[in-house]
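The values are calculated or read from the model by the stated rules, or taken from the named source; none is laboratory data. Predicted model only: the values in this text are computed from it and were never measured. All Cβ positions, glycine included, derive from the backbone under ideal geometry; neighbour counts span all protein chains shown. We work out accessible area using only protein heavy atoms, side chains counted, and drop any ligands, DNA or RNA first. Shrake-Rupley method; radii C 1.70, N 1.55, O 1.52, S 1.80 Å.
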Amino acid sequence: MDDQFTRAETAAQSVLRRTPLRPEIGLVLGSGLGGFADSLSEAARMSYAEIPAFPRSTAIGHAGQMVIGKAGDVPVAVMQGRVHLYEGYSAQEVAFPMRVFGRMGIRAVVLTNAAGGINLNYQQGALVLIRDHINLQGSNPLTGPNDDRFGVRFPDMTQAYARPYRKLAREEAGKLGMTLHEGVYAALLGPSYETPAEIAYLRTIGADLVGMSTAFEVIAARHMGIKVLAISCVTNMAAGIVDQPLSHQEVMETGERVKTSFEALLRAVLPRMQNDAGS
Ligand code: HPA
């Protein structure tokens, strides 16, 4: 079997063959947030099943489609849905789409997700810039032999979530009159939601948000020198904060509710990231 680099290269070429666009920015749209991909112009769409070696999403609310198109004037590669460790994929498989992005020439990514709010200043529907993460998934996509063609053995993670991107996202949110919080994302395996005791523990160790994705993607992106902007939608307050059980239905409904402001923010940040991506 081909190595990961070769598989990523093959997948990237297969994607790029379907479009004349050469995006430098990639997006991953999380649960309930996939609508943005429907608004792109000059769009080429392909299901993950059509991309060689690409993992297929099984989670409800994840269309499992790659769309290359333009958001305004900015060419982008958009993943409408992702795969997770809890679906039975390995850490390497979860990060594989980032490898494909890298081989496509993507220089910056916007990762979005649905998350539970741990920080009591948040409310359901809040948008939160991820400042840093705590990887509690018990694995890492860089385990095994290092492939130097992707990056170094021990990549730095001190600036995993690019500060200049966070600054421009805050500025654009301000112009749109939106509140944009900033916080630390704890990535857990799932798929069960957390217990109230786990949420109390996560708050103690400095987490503001909890979810089941994103951290591996960030690790693989940083390994390749791809810059990261990540935004969580607080689809629910985390377990034990309000006296109500958590459900995927609620996650999807909140995603639907914030869609308009979320998409407006994406549209505003993309041109500014585009100007920066080459640098
Ligand atoms: N916990 C973990 N993942 C999540 C949550 C949550 O409360 N909400 C959305 N994704």
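The range 195-222 and the range 109-131 have their alpha-carbon centroids 11 Å apart.
Sorting 38-49, 116-127 by their mean Cβ neighbour count within 10 Å, with the most densely packed peptide first, gives 116-127, 38-49.
Note on ALA264/GLU42: beta-carbon distance plugged into 1/(1 + (r/R0)^6) with R0 of 22 Å gives a FRET efficiency of 0.60.
Take the chain with all the other protein chains still there, run a 1.4 Å probe, and you get 41 Å² of accessible area per residue. Taking 15 Å as the straight-line reach from the Cα of LYS167, the aspartates and glutamates in range (excluding those fewer than 8 positions away in the same chain) are ASP132, GLU182, ASP276. Dipole of the chain computed with +1 at Lys/Arg Cβ and -1 at Asp/Glu Cβ about the Cα centre; of SER14, GLY206, THR158, farthest Cα towards the positive end is SER14. Only the Cβ atoms of Lys and Arg (+1) and of Asp and Glu (-1) were treated as charged; on that basis the dipole of the range 129-254 about its Cα centre amounts to roughly 560 debye. The modelled label-to-label distance between THR179 and THR6, using points 7 Å beyond Cα along the C-beta direction, is 5.3 nm. The listed peptides 242-252, 157-167, ordered by packing as a protection proxy, come out as 157-167, 242-252 (highest mean of other Cβ atoms within 10 Å first). Taking the DSSP beta bridges with both ends in the range 4-278, the antiparallel portion is around 35 percent. Taking only protein heavy atoms and a 1.4 Å probe, the accessible area of the range 4-278 is 50% carbon and sulfur.
Springs join every pair of Cα atoms under 10 Å in this Gaussian network model of the chain, and among MET237, MET178, MET79 the largest mean-square fluctuation is at MET178.
Projecting the Cα atoms of PRO75, GLY32, ASN236 onto the dipole axis of the chain, where Lys and Arg carry +1 and Asp and Glu carry -1 at the beta carbon, places PRO75 farthest toward the positive end. Hull volume per residue, based on the alpha-carbon atoms of the range 121-279 and their convex hull, is 124 Å³. Computing FRET efficiency as 1/(1 + (r/R0)^6) for THR204 and LEU120, where r is the C-beta to C-beta distance and R0 is 22 Å, gives about 0.95.
A Cβ-based charge dipole, computed about the Cα centre of the chain with Lys and Arg at +1 and Asp and Glu at -1, lands at about 720 debye. With contacts taken as Cα pairs under 8 Å at a separation of at least 6 residues, the range 4-278 carries a relative contact order of 26 percent. Here the range 48-125 has an Rg and Dmax of 14.5, 43 Å, counting Cα atoms alone.
The orientation-averaged projection of the convex hull spanning the C-alpha atoms of the range 4-278 amounts to 13.0 square nanometres.
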